[in-house]
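J.: I'd like to ask some things about the structure below.
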Amino acid sequence: MRAFAALMDRLAFTPGRKEKLRAIRLHLDRTPDPCRGWALAALTGGLELRTVTPALLRRLAAERTDEALFALSYDYVGDLAETVSLIWPGEGDGAEPPRLSDVVEKLRRAGRAEAPALVSGLLDRLAPPERYALVKLATGGLRVGVSARLAKQAAAEWGGVEAAEIEELWHGLAPPYPELFAWLTGGEKPAAAGRAPFRPVMLATPFEARDREAAEPADFAAEWKWDGVRVQAVSDRGERRLYTRTGEDISPAFPDLVAAMAFEGALDGELLVRAEGDVGAFNDLQQRLNRKTAPKALMARLPAVLRAYDILRAGAEDLRPCGYAERRERLGAFVAALDPERFDLSPEIPFESWEALDTLRSAPPHPAIEGVMLKRLESPYLAGRPKGPWFKWKREPHLIDAVLMYAQRGHGKRSSFYSDYTFGVWDGETLAPVGKAYFGFTDEELKKIDRFVRANTVERFGPVRSVRAEPDFGLVLEVAFEGLAASSRHRSGVAMRFPRIARLRWDKPPREADRLETLKAMIETAGPRT
Amino acid sequence: MRPDDLLHPTPEGLYCPVGDFHIDPSRPVRRALITHGHADHARAGHGAVWATPETLEIMAIRYGEGFAAERRSDAKGEIGGVRVSFHPAGHVLGSAQIAVEAGGLRIVAAGDYKRAFDPTCAAFEPVPCDVFITEATFGLPVFRHPDPMAEIGRLLASLRDFPERAHLVGVYALGKAQRLIALLRAAGWERPVYIHGALRKLCDYYVCRGIDLGPLEDATAEKGAAARYAGEVVLAPPSAFGATWARRFPDPLFAFASGWMQVRARARQRGAELGLVISDHCDWAGLTETIREIDPGEVWITHGREEALMRWCEIEGRAARPLHLVGYEDEPE
Ligand SMILES: [Zn+2]
């Protein structure tokens, strides 16, 4: 429990990916089974215990302390788990703390009636840092600043296997993953764990100008890139699953599509909804995402469909080693046998030259198209984002001129630079913040902006500085972004998707920057997607 | 004599009308008694200053020899019929509690103080008194400072796990820097400790007072010598982290040594990758146990979180009042 608590702390405060990976590897290395398995479960979101509610926890702590002192403390600390772990009386029993596996087993088994006494007893035994980890575990609120993917990556590096191999097995494994750790420490690879496994997806890289020069149009097939959610539909001996591209199982939210998956195999495609007979906008699809179930009326109004891009498996046959052209042929035949209301093929776009394709790309036939995909005809289906076989060539980003308003110090290597920027556009006489960007500039430009921020600070709030942003003095940033949506969560009323700094406009006076009305008008053309 | 007649709060700080002097005044006054050398307690420009020899020397290092017209450093003595004595407070080198006594009434102004292990200064000595004036910087029951050696253990563990990274530790120049170094030495760290220029004079002063800090080197890398800081400990005042100075270190890991690191939101706000909960103030247990031990007739609470400590005194049935003194920082210097 002590080592686990220390790992939680380190991961919560370490900004660097490399360092997070190392911290997890070291933990797996130094911790015996089954504790390291439970730690991995906690990091990958596989340990959603709800042994006690925050309200109960608060009551337990208030009983052990003075109500007024508790309230003052909670008010200062701001986090319930942290307040409880620090204010709980005593320093623990001084003995070696219980092992993570013992704690998890007890929390899992505890019924509603015995949970309060169990948690109180554990809080009495543990010292404050371990108490914090315990409370986070027991309330199911363990967000530690790493993704499941990163945790699996660390396990893979530690065991000397490919992350993709772990991803493939993952859905057939249950914590504390004894078969996985047996394999990672030199034993047998677990035989196909579970049916309908997720297969790591193949991703594309941006199609840059230099790629265009090197690539021969005749070697590639092109198809539209649809603005939905990339999914993998797997049907395997009665087991049907719909996975996101990170391997998250979203089948329960799409029973209509799952019911139509009357095949044996694995398809790669875009999850879309149909709205009034046409392909729905991303906003429509969003109404069906992030749900545990799907209401009937919603399914009737926005039925889910799959637009197939690729086929990874047909029956028992693994098609990934085949070239794209061959897979595409197999895909055509495969989809032809499925319910046409639910499945169709993403059409190929015939083209002669990059110029011709560029013209098509800039005026796509449907608003739900966000660009084109290019796939090398001979490329096998490879996990990850290999450079070369697949490209995405998006519609040009949208550009606006905005004014730098706030700058925040970065993390890690950028700790001594003001590298995170909040920018705004004119709303009447004042600037309304519309977004934040922290990349898109060179190291040289970063130094220049940093110097500007330091020399023109108006106010400081912790790591943030506000900078001079007046009609005739300030820094104008040309900001590129992929989309724009109306948003009630943002004061300006708009939310920007993937903003980045395209250019520094030292030459431009802030009064000439864009206005909020312009952005609001762009919501139409820049797509309703958030 | 009522306690208020001997000592009471004024806009300049605590004032003794009988002896006509202030304790730790926040503005220049005729006669000042100073508990310790932190800038918010020890200011320049008073007529006469009475403090421990170390505090006077620290003030001279920071403000120059002319920081006051007159100095006095006796451990005990008298002004205008008020008996005054200085007793160790365990806060930083030279820190003292000031006891004032007249008409059979004794008040102890503890200044900043702590009860935790510190090899760089004399330990706190409880002094029986009628009124005990305590600070309340960490006056909330959530403040429980762990064993400082365990915190040093966390720093050493990080150095072991990330040996390619320079470990930059933010410390205040007076007290925290030297204590951190001494604790590192006590934990067996024998490598040179690199220090920012702003820490040099006070570190040298501690050494000349006989406090062994081991090899100290200036962290003034010329360009290209960055690699030698990999896996080393570099101490600097926190303000240096945001300055261009910090850019010379390879893949720096920013740590802070402060009692505030206990609260995650505060540690995050500071941008700490490693928060070492090492404080030169009392935590909640230290404050409450000290009050119980001294068992004064009345407790006066100066700067910090008075409200919670007032509540605790109420629960304990102790007479207490907040002084609402202004001008003292959260965790100064
Ligand atoms: Zn102090």
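J.: Considering A:Thr44, A:Thr53, which residue is among the polar types (S, T, N, Q) and surrounded by fewer than 18 Cβ atoms within 10 Å (Cβ to Cβ)?
T.: It is A:Thr53.
J.: When the stretch B:255-306 is examined, which residues are found to be touching a Phe, Trp or Tyr at 6+ places or on another chain (Cβ under 8 Å), among the hydrophobic types (A, V, I, L, M, F, W, C) and open to solvent by less than 10 Å² (accessible area, probe 1.4 Å)?
T.: B:Val263, B:Ala267, B:Ala272, B:Leu276, B:Cys282, B:Leu287, B:Ile291, B:Val299, B:Trp300 - these are the residues of the stretch B:255-306 that are touching a Phe, Trp or Tyr at 6+ places or on another chain (Cβ under 8 Å), among the hydrophobic types (A, V, I, L, M, F, W, C) and open to solvent by less than 10 Å² (accessible area, probe 1.4 Å).
J.: A further question on this structure: Could you list, in sequence order, all residues of the stretch A:481-494 that are surrounded by 18 or more Cβ atoms within 10 Å (Cβ to Cβ) and either touching a Leu at 6+ places or on another chain (Cβ under 7 Å) or without any contact (Cβ under 8 Å) to a residue 12 or more places away in the chain (or both)?
T.: A:Leu484, A:Ser492, A:Val494
J.: Go through the stretch A:288-329 residue by residue and tally those that are open to solvent by 50 Å² or more (accessible area, probe 1.4 Å) and out of contact with any strand residue (DSSP E or B) (no Cβ under 8 Å at 6 or more places or on another chain).
T.: The number of residues fulfilling the criteria is 13.
J.: Another question, if that's okay. Of the conditions (1) within 28 Å of B:Ala246 (Cβ to Cβ); (2) surrounded by fewer than 19 Cβ atoms within 10 Å (Cβ to Cβ), A:Ala469 fails just one. Which one is it?
T.: Every listed condition holds for A:Ala469 apart from (2).
J.: Now for a different question. With A:Lys375, A:Lys436, A:Lys392 as the choices, which residue is basic (Lys, Arg) and open to solvent by less than 40 Å² (accessible area, probe 1.4 Å)?
T.: Exactly one residue qualifies, and that residue is A:Lys375.
J.: While we're on this one: Of all residues in the stretch A:41-87, count the ones that are under 22 Å from A:Ala113 (Cα atoms), more than 14 Å from chain B (Cβ to nearest Cβ) and under 31 Å from the mean Cα position of the chain (by Cα).
T.: Within the stretch A:41-87, residues that are under 22 Å from A:Ala113 (Cα atoms), more than 14 Å from chain B (Cβ to nearest Cβ) and under 31 Å from the mean Cα position of the chain (by Cα) number 10.
J.: Determine whether B:Glu12 is closer than 23 Å to B:Phe132 by Cα, without any contact (Cβ under 8 Å) to a residue 24 or more places away in the chain, open to solvent by 30 Å² or more (accessible area, probe 1.4 Å) and away from the ligand (no atom under 16 Å from the Cβ).
T.: Here the answer is yes, as B:Glu12 does meet what is asked.
J.: Considering only residues that are more than 17 Å from B:Gln178 (Cβ to Cβ) and within 13 Å of the ligand (Cβ to nearest atom), which ones fall in the stretch B:91-108?
T.: If the condition is that a residue be more than 17 Å from B:Gln178 (Cβ to Cβ) and within 13 Å of the ligand (Cβ to nearest atom), then B:Ala96, B:Gln97 are the ones that fit.
J.: Whether any residue in the stretch B:95-103 is touching a His at 6+ places or on another chain (Cβ under 9 Å), buried (at least 21 other Cβ atoms within 10 Å of the Cβ) and among the hydrophobic types (A, V, I, L, M, F, W, C) is what I want to check.
T.: Yes, that holds for at least one residue.
J.: So B:Lys114 fits all but one of (1) within 16 Å of the ligand (Cβ to nearest atom); (2) buried (at least 24 other Cβ atoms within 10 Å of the Cβ); (3) part of a loop (DSSP other than H, G, I, E, B); (4) over 12 Å from the mean Cα position of the chain (by Cα); what number is the exception?
T.: (4)
J.: Moving on to the next point. So which residues in the stretch A:30-40 are surrounded by fewer than 23 Cβ atoms within 10 Å (Cβ to Cβ), assigned to a helix (DSSP H, G or I) and more than 11 Å from chain B (Cβ to nearest Cβ), if there are any at all?
T.: A:Cys35
J.: Here's another thing I want to ask about it. Which members of the stretch B:53-94 meet the condition of being within 22 Å of B:Cys203 (Cβ to Cβ) and open to solvent by 20 Å² or more (accessible area, probe 1.4 Å)?
T.: Listed by number, the residues that qualify are B:Pro53, B:Glu54, B:Glu57, B:Ile61, B:Arg62, B:Tyr63, B:Gly64, B:Glu65, B:Pro88.
J.: Conditions: (1) in contact (Cβ under 8 Å) with a residue 24 or more places away in the chain; (2) away from the ligand (no atom under 16 Å from the Cβ). B:Lys76 meets all but one. Number of the miss?
T.: (1)
J.: I need every pair where a residue in the stretch B:83-99 that is under 13 Å from B:Cys121 (Cβ atoms) and within 14 Å of another protein chain (Cβ to nearest Cβ) has its Cβ under 8 Å from the Cβ of a residue that is among the small types (Gly, Ala, Ser) and away from the ligand (no atom under 14 Å from the Cβ), sequence separation at least 6 or different chains.
T.: none
J.: Determine whether A:Val279 is β-branched (Val, Ile, Thr), surrounded by 20 or more Cβ atoms within 10 Å (Cβ to Cβ) and either modelled with pLDDT of 95 or more or under 25 Å from A:Pro200 (Cβ atoms) (or both).
T.: No; evaluated as a whole, the condition is false for this residue.
J.: For the stretch A:88-105, how many residues meet the condition of being open to solvent by less than 10 Å² (accessible area, probe 1.4 Å) and within 12 Å of another protein chain (Cβ to nearest Cβ)?
T.: 1
J.: Moving to a separate point now. Which residue pairs have Cβ atoms closer than 6 Å, lie 6 or more positions apart in sequence or on different chains, and pair a first residue in the stretch B:236-251 that is more than 8 Å from every other protein chain (Cβ to nearest Cβ) and more than 16 Å from A:Arg465 (Cβ to Cβ) with a second residue that is assigned to a loop (DSSP other than H, G, I, E, B) and open to solvent by 30 Å² or more (accessible area, probe 1.4 Å)?
T.: Note: pairs meeting the criteria are B:Ala236/B:His196; B:Ala240/B:His196; B:Pro250/B:Ala230.
J.: So A:Glu445 ticks every box in (1) open to solvent by 70 Å² or more (accessible area, probe 1.4 Å); (2) more than 14 Å from chain B (Cβ to nearest Cβ); (3) outside any strand (DSSP E or B) but one. Which box is left unticked?
T.: It fails just one condition, (1).
J.: Here's something else I'd like to know. Kindly indicate whether any position in the stretch A:384-391 is on the phi < 0 side of the Ramachandran plot and not in a loop (DSSP other than H, G, I, E, B).
T.: Taking every residue of the stretch A:384-391 in turn, at least one turns out to be on the phi < 0 side of the Ramachandran plot and not in a loop (DSSP other than H, G, I, E, B).
J.: Of A:Asp420, A:Asp401, which residue is within 14 Å of chain B (Cβ to nearest Cβ) and assigned to a strand (DSSP E or B)?
T.: A:Asp420
J.: (1) away from the ligand (no atom under 16 Å from the Cβ); (2) under 22 Å from the mean Cα position of the chain (by Cα); (3) at pLDDT 95 or above: which one isn't true of B:Leu6, the others all being true?
T.: Evaluating B:Leu6 over (1) away from the ligand (no atom under 16 Å from the Cβ); (2) under 22 Å from the mean Cα position of the chain (by Cα); (3) at pLDDT 95 or above leaves (2) as the failure.
J.: May I pose another question? Return the total of residues in the stretch B:27-38 being within 16 Å of the ligand (Cβ to nearest atom) and open to solvent by 30 Å² or more (accessible area, probe 1.4 Å).
T.: Residues that pass the stated criteria total 0.
The values are calculated or read from the model by the stated rules, or taken from the named source; none is laboratory data. These numbers were taken from a predicted model, which means no experiment stands behind them. So basically every Cβ, Gly included, is an ideal-geometry build from the backbone, and we count neighbours across all protein chains shown. Areas reflect the complete protein model, heavy atoms only, side chains present, ligands, DNA and RNA absent. Shrake-Rupley method; radii C 1.70, N 1.55, O 1.52, S 1.80 Å.
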